[in-house]
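> Below you will find the structure I want to go over with you.
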Amino acid sequence: MGGTRLHPDTCHSETSLRLDQSPPKSGEQGLDSSIARRLIVIQTYNTTILQEGNRIVASTATGPATGLLTRHWPQHPVIGRYALLSPALLLMLAGLLMPVLLLVGQSFVVESPEGWHAGLANYAAVLEGPQYQRVLARSIAVAALVATLTVLLAYPAAYFIAFEVSGNKMTWLILITLPFWTSYLLRVFAWKLILGFNGVINSALVYMGLIDAPLEFLLHNTFAVIVTLAHAWAAFAILPIFVSLQKIDRSLLEAAQDLGEGPAMTFLRVTLPLSMPGVISAFLLVFIPTVGDYVTPKLVGGPNGIMIGSLIQFSFGQLENWPLGSAIAVLAMLVVTALVCLFLWTASRARRLVA
């Protein structure tokens with residue numbers, strides 16, 4: 001194995017020999033010096049044994065590859081830092097990046113009498129078609145409205161749990177997630193029953209004599225889509241806002257009150273700015289997926305509630321025109337990405353100005 005192996009008995013004998021040959025001391029000073037020498041020898045012995053054991057483990061690894069990893073893996077700055085991310089990164093590459101690349105490649109496929117070839121005809125059809133632009137603009141407006149409404153409804157709930165609930169906060173968080181114990185489709189169908197022509201709201205209003213005929217604007221329009229999506233994504237907005245509020249140092253609020261600020265100004269100048277990361281996260285967490293939602297518009301939106309996700313599903317499904325659907329999806333992703341980057345830049349500038 002190389003090197004000289006140390007045996008505990010030998011080390012113990014040498015230690016005892018050195019201790020026995022040390023000149024005797026008299027009195028308390030001699031006793032303290034003897035104890036100090038013994039402690040130094042014991043510490044040296046333990047350090048030597050530890051170094052020898054590490055050397056033996058490194059040199060007797062099972063195979064050259066393992067020995068190489070043992071010597072270099074923990075010391076590599078990049079691998080050592082990001083090694084734990086490798087499973088998640090591999091999953092993202094397999095489940096996200098590869099489908100997106102296939103989608104982009106499919107969007108350039110053009111069908112002609114001569115056969116299939118690459119081209120920009122699908123993108124030209126989407127950019128030149130006013131119906132696609134109109135539906136995309138409606139989808140962005142609906143998603144922004146849903147995200148804003150959801151954040152406005154979620155902030156008081158998150159504030160209550162963070163500041164007003166002294167104990168059992170986990171119970172409240174579990175209660176918030178209760179709607180997710182059922183299927184998303186069941187929740188959408190529940191809202192369809194609530195907002196329907198003979199649904200809960202119309203039946204209750206007719207029974208109380210407040211209206212003579214059922215209200216027709218509650219279902220199969222953009223209003224129904226907004227209400228259903230806001231309820232479906234409420235919990236996703238509450239949780240990040242709660243985390244930001246929970247991290248706020250309570251001494252800052254006490255300092256603001258000591259300086260003469262009232263509850264309203266303390267909230268506007270201390271609590272709200274410090275909770276903005278959670279608010280921004282909640283807004284994006286709701287905005288991004290609702291832009292491409294097609295289940296809710298299909299079930300409760302009707303012809304007046306069509307969104308861009310519905311057009312993509314229609315192109316892939318009924319039309320069986322995968323290249324056109326891919327082009328619509330790619331352009332929608334690019335537009336949403338640009339809007340998200342603009343939103344983050346604006347929020348960052350606003351935070352710096354406030355600070």
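> Quick check on segment 70-109: of everything there that is surrounded by 12 or more Cβ atoms within 10 Å (Cβ to Cβ) and at pLDDT 90 or above, which residue is nearest to the chain's Cα centre (by Cα)?
For segment 70-109, the residue satisfying everything is Val100.
> What pairs come up if the first residue lies in segment 115-136 and is without any contact (Cβ under 8 Å) to a residue 60 or more places away in the chain and of a type outside the set (Ser, Thr, Tyr), the second is surrounded by 14 or more Cβ atoms within 10 Å (Cβ to Cβ) and part of a loop (DSSP other than H, G, I, E, B), and their beta carbons are under 7 Å apart, counting only those six or more places apart or on different chains?
Going by the 7 Å Cβ cut-off, the qualifying pairs are Ala118/Phe108; Gly119/Phe108.
> I've got another one for you. Please work out which residue is nearest to Val340 (Cα to Cα), limiting yourself to segment 143-188 and to residues that are free of Cβ contacts under 8 Å to residues at least 60 places away in the same chain and among the small types (Gly, Ala, Ser). Let's see the steps before the verdict.
Of segment 143-188, the ones free of Cβ contacts under 8 Å to residues at least 60 places away in the same chain are 152, 156, 160, 164-172, 174-175, 177-183, 186-187.
Adding the requirement that they be among the small types (Gly, Ala, Ser) leaves 166-167, 183.
Values: Ser166: 36, Gly167: 37, Ser183: 29 Å.
Applying the filter and picking the extreme gives Ser183.
> Name the residue, out of Ser251, Ser244, that is surrounded by fewer than 14 Cβ atoms within 10 Å (Cβ to Cβ) and at pLDDT 90 or above. Break it down stepwise before answering.
On the way: Ser244 fails: surrounded by fewer than 14 Cβ atoms within 10 Å (Cβ to Cβ).
After applying the criteria, what remains is Ser251.
> Taking only segment 186-233 into account, find how many residues are touching a Ser or Thr at 6+ places or on another chain (Cβ under 6 Å) and aromatic (Phe, Trp, Tyr).
Narrowing segment 186-233 to residues touching a Ser or Thr at 6+ places or on another chain (Cβ under 6 Å): 188, 191, 225, 228-230, 233.
Okay, now just the ones that are also aromatic (Phe, Trp, Tyr), so 191, 233.
Here the count works out to 2.
> When you look at Glu320, is it assigned to a loop (DSSP other than H, G, I, E, B), exposed (fewer than 13 other Cβ atoms within 10 Å of the Cβ) and of a type in the set (Asp, Glu), yes or no?
Working: assigned to a loop (DSSP other than H, G, I, E, B): yes; exposed (fewer than 13 other Cβ atoms within 10 Å of the Cβ): yes; of a type in the set (Asp, Glu): yes.
Taking the combined requirement at face value, the residue satisfies it.
> Next question, about the same structure. On the given criteria, is Leu268 surrounded by fewer than 18 Cβ atoms within 10 Å (Cβ to Cβ) and among the hydrophobic types (A, V, I, L, M, F, W, C)? Please lay out each step first, then the result.
Working: surrounded by fewer than 18 Cβ atoms within 10 Å (Cβ to Cβ): yes; among the hydrophobic types (A, V, I, L, M, F, W, C): yes.
Spelling it out, Leu268 is indeed surrounded by fewer than 18 Cβ atoms within 10 Å (Cβ to Cβ) and among the hydrophobic types (A, V, I, L, M, F, W, C).
> Here is a follow-up. Without any contact (Cβ under 8 Å) to a residue 24 or more places away in the chain, small (Gly, Ala, Ser) and either over 23 Å from Ser275 (Cβ atoms) or touching a Gly at 6+ places or on another chain (Cβ under 7 Å) (or both) - does that describe any residue in segment 212-231?
Filtering segment 212-231 down to residues without any contact (Cβ under 8 Å) to a residue 24 or more places away in the chain leaves 212-218, 223.
Keeping just the survivors that are small (Gly, Ala, Ser) gives 213.
This time we only want the ones that are either over 23 Å from Ser275 (Cβ atoms) or touching a Gly at 6+ places or on another chain (Cβ under 7 Å) (or both), so: 213.
Checking segment 212-231: at least one residue is without any contact (Cβ under 8 Å) to a residue 24 or more places away in the chain, small (Gly, Ala, Ser) and either over 23 Å from Ser275 (Cβ atoms) or touching a Gly at 6+ places or on another chain (Cβ under 7 Å) (or both).
> From Ala162, Ala158, Ala154, Ala147, which residue is over 19 Å from Thr271 (Cβ atoms), among the small types (Gly, Ala, Ser) and either in contact with a Leu (Cβ under 8 Å, 6 or more places away or on another chain) or in a helix (DSSP H, G or I) (or both)? Please lay out each step first, then the result.
On the way: Ala162 fails: over 19 Å from Thr271 (Cβ atoms); Ala158 fails: over 19 Å from Thr271 (Cβ atoms); Ala154 fails: over 19 Å from Thr271 (Cβ atoms).
Just a single option satisfies the conditions, and that option is Ala147.
> Just checking: which of the helices (runs of 4 or more DSSP H) contained wholly in segment 236-316 hold 3 or more residues that are touching a Ser or Thr at 6+ places or on another chain (Cβ under 8 Å)?
Numbers: elements: 250-258, 263-266, 276-291, 308-316.
Qualifying helices (runs of 4 or more DSSP H): 250-258, 276-291.
> Every residue in segment 196-219 that is in a loop (DSSP other than H, G, I, E, B) and touching a Leu at 6+ places or on another chain (Cβ under 9 Å), please. Before you say what the answer is, go through the steps one by one.
Taking segment 196-219 and keeping what is in a loop (DSSP other than H, G, I, E, B), we get 196-199, 208-219.
Passing the criteria: Gly196, Phe197, Gly199, Ile211, Pro214, Leu215, Leu218, Leu219.
> May I pose another question? Can you name the residue in segment 181-230 that is over 27 Å from Arg138 (Cα atoms) and of a type in the set (Phe, Trp, Tyr) and is also surrounded by the fewest Cβ atoms within 10 Å (Cβ to Cβ) among such residues?
Step by step, filter segment 181-230, then rank; the result is Trp181.
The values are calculated or read from the model by the stated rules, or taken from the named source; none is laboratory data. Given the structure is predicted, the values throughout are model-derived calculations rather than measurements. Glycine also receives a Cβ, built like all others from the backbone with ideal geometry; neighbour counts cover every protein chain displayed.
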